[in-house]
Amino acid sequence: MKKLWKKQISTLFLAVLLAVLACQWAWAAVSPLTEENVYNAMIAMKSEYPEKMSWTNDNFYGGRIVYKDLNEKAYGNTLGGGFGCAGFAWILSDEAFGDLPARADRDADSVRVGDILRIRNDGHSVIVLERDEDTVTVAEGNYNDSIHWGRKLSLSSLAEDPLFMRITRWPEREEDGQELVQPEEPQQTVQPDLTWSRTWLLDGETWYYFKDDGSQAVGWEWIGGDYYYFNAAGQMQTGWFQDAEGVWYFLNPKHDGTYGCMQTGWLQDGGDWYFLNPEHDGYGQMLQNGWKWIDGYSYYFDASGRMAADCETPDHYRVNASGQWVENGIPQYNPGAGIRTK
C-alpha cells in the first residue's frame, strides 16, 4: 500500500514538474527563428492585406502578448494589439512570432526585422520588414486610411524621436552573443493571468482595466493622461454619461486613438453644440442652464446643455449663428472673461 501511495505521489510530482517546465517556453510561429523566415511570414500576409486595402482606427485586432509600455505612466503593462496602425502591426508580429514574449526599449540601433516601432511622438505604429545600414523598410496600417507596404524610414529619424519605442520579440541574447536555442518540439503553453497590473483587457467588445494592485478599475480612473469611467461591473463606458450627482460627461465613442477618454472643450453631437469644462474646477462637466463666458464671449446653454444659436434666448437676448451674445448684430467681446480654451 505504501509503495502504491509513493508511486502516486511521484507521478503527481512529475506531472506538476513537467507542467512548470512547459510554462517556461513560448513558441515562435516560424522555425527556425531567423530574420529571413520572419520576413517571409509577414510578407505572405500581403495577399490577405494588400496594398491600399482600407484600414482605419475602426479596425481592431485583439493581441494576447503583454509588454511594459515605456510611454505609459509608471511603465504600465499593455496588451499587444489595438486599433488602426497598432492592430495591423501586431497581426504581422503574431503571424511571425506566435506566443513569444515582447519587451520594449528605445534602442534605434538594435532595430531588427519583425520589430514594432512606435514613431511620430508615440502617434503611429509600423513593423519592420527589412533593415540596412541607414534605413528600415516597414509595413503599416492606417497610412492614409489604408494598408501600405514598403515605406522607408531613416534610423536617424527614429533616434531623434523623443517617444520612439521599439517592441521586439526576438529572444534575449546569451552573454556570448548567440540567440537562445529553442527546443525542437512545442510544449504546452498557459493562458495569461487576467490580474496583471496596469493592463487593458478586451472581452468581446467591452474594455476592462486592471490597476497597480491587480484589482479591476471601477468608477473614474486616470490612465495615460486621460480620464476613463468604468461601471460597477468594470466595463469602460462611452458616449454621454451622467454621474450619481446628475452631472453629464462625454466619453469618446470613436475609435480614433482616444476611445473612451473623457472629452473637454467644444463638442458637436447630433447637429447641436455642447461645451465640456476643460478647467480644473468641474473638469469635463457639461455646461448647462444659462450664460457662460468662454474665451471672452458669452454663450447660452439650455437645461440639456445645448448651445443656443441664431435665436433669442429665454431672457430675451440675441445670439448669432456661432452662439455668441450680440448687440445690434455685433458679438460682445470681453477679453479674458470666463473659461479659456486658447
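The values are calculated or read from the model by the stated rules, or taken from the named source; none is laboratory data. Owing to the predicted nature of the structure, the values given are computational and were not obtained by experimental measurement. Positions of Cβ are backbone-derived with ideal geometry, glycine not excepted, and every protein chain shown enters the neighbour counts. The protein model used for the area step is the full one, side chains on, heavy atoms only, and it has no ligands, DNA or RNA in it. Shrake-Rupley method; radii C 1.70, N 1.55, O 1.52, S 1.80 Å.
When you scan the range 110-152, how many residues do you find that are buried (at least 19 other Cβ atoms within 10 Å of the Cβ), of a type in the set (Ser, Thr, Tyr) and without any contact (Cβ under 8 Å) to a residue 24 or more places away in the chain?
So the count comes out to 0.
Looking only at the range 279-300, count how many residues are open to solvent by less than 40 Å² (accessible area, probe 1.4 Å) and more than 26 Å from residue 330 (Cα to Cα).
3
Tell me, yes or no, whether the range 102-109 has at least one residue that is open to solvent by 20 Å² or more (accessible area, probe 1.4 Å), of a type in the set (A, V, I, L, M, F, W, C) and in contact (Cβ under 8 Å) with a residue 40 or more places away in the chain. Step through it out loud before you land on a result.
Going through the range 102-109, the residues open to solvent by 20 Å² or more (accessible area, probe 1.4 Å) turn out to be 103-107, 109.
From what is left, the residues that are of a type in the set (A, V, I, L, M, F, W, C) are 104.
Going one step further and asking which of them are in contact (Cβ under 8 Å) with a residue 40 or more places away in the chain, we end up with 104.
There is at least one residue in the range 102-109 that is open to solvent by 20 Å² or more (accessible area, probe 1.4 Å), of a type in the set (A, V, I, L, M, F, W, C) and in contact (Cβ under 8 Å) with a residue 40 or more places away in the chain.
What number of residues within the range 112-145 satisfy the criterion of being in contact with a His (Cβ under 8 Å, 6 or more places away or on another chain) and either closer than 23 Å to residue 172 by Cα or part of a strand (DSSP E or B) (or both)?
The total comes to 3.
Would the range 249-261 turn up any residue that is in a strand (DSSP E or B), open to solvent by 30 Å² or more (accessible area, probe 1.4 Å) and over 22 Å from residue 84 (Cα atoms)?
No, the range 249-261 has no match at all.
Restricting attention to the range 306-318, which residues are open to solvent by 50 Å² or more (accessible area, probe 1.4 Å) and either assigned to a strand (DSSP E or B) or under 19 Å from residue 247 (Cα atoms) (or both)?
Once the filter is applied, which keeps residues that are open to solvent by 50 Å² or more (accessible area, probe 1.4 Å) and either assigned to a strand (DSSP E or B) or under 19 Å from residue 247 (Cα atoms) (or both), the range 306-318 yields 306, 312, 318.
Would you check if residue 47 is open to solvent by 60 Å² or more (accessible area, probe 1.4 Å), among the small types (Gly, Ala, Ser) and modelled with pLDDT under 50?
no
So, in the range 69-111, of the ones that are within 13 Å of the chain's Cα centre (by Cα) and in a strand (DSSP E or B), which residue ends up modelled with the lowest pLDDT?
Only one residue tops the list, namely 77.
I'm told residue 303 meets every condition in (1) touching a residue at least 60 places away in the same chain (Cβ under 8 Å); (2) open to solvent by 50 Å² or more (accessible area, probe 1.4 Å); (3) small (Gly, Ala, Ser) except one. Can you identify the failing condition by its number?
All conditions are met except number (1).
Could you list, in sequence order, all residues of the range 18-44 that are at pLDDT 90 or above, surrounded by 15 or more Cβ atoms within 10 Å (Cβ to Cβ) and in a loop (DSSP other than H, G, I, E, B)?
Selection gives 33 alone.
For residues that are among the aliphatic types (A, V, I, L, M), open to solvent by 70 Å² or more (accessible area, probe 1.4 Å) and within 12 Å of residue 299 (Cα to Cα), tally how many sit in the range 320-339.
Going through the range 320-339 one residue at a time, the tally reaches 1.
If a residue has to be over 19 Å from residue 222 (Cα atoms), without any contact (Cβ under 8 Å) to a residue 40 or more places away in the chain and part of a loop (DSSP other than H, G, I, E, B) to count, how many in the range 263-300 make the cut?
4
Take the range 167-186 and flag every residue that is modelled with pLDDT under 75 and either among the acidic types (Asp, Glu) or open to solvent by less than 90 Å² (accessible area, probe 1.4 Å) (or both). Walk me through how you get there before you give the answer.
Pass one, the range 167-186, residues modelled with pLDDT under 75: 173-186.
Within the range 167-186, 174, 175, 176, 177, 179, 180, 182, 183, 184, 185 qualify.
How many of the residues in the range 197-226 are under 16 Å from residue 262 (Cβ atoms) and at pLDDT below 85?
Within the range 197-226, residues that are under 16 Å from residue 262 (Cβ atoms) and at pLDDT below 85 number 2.
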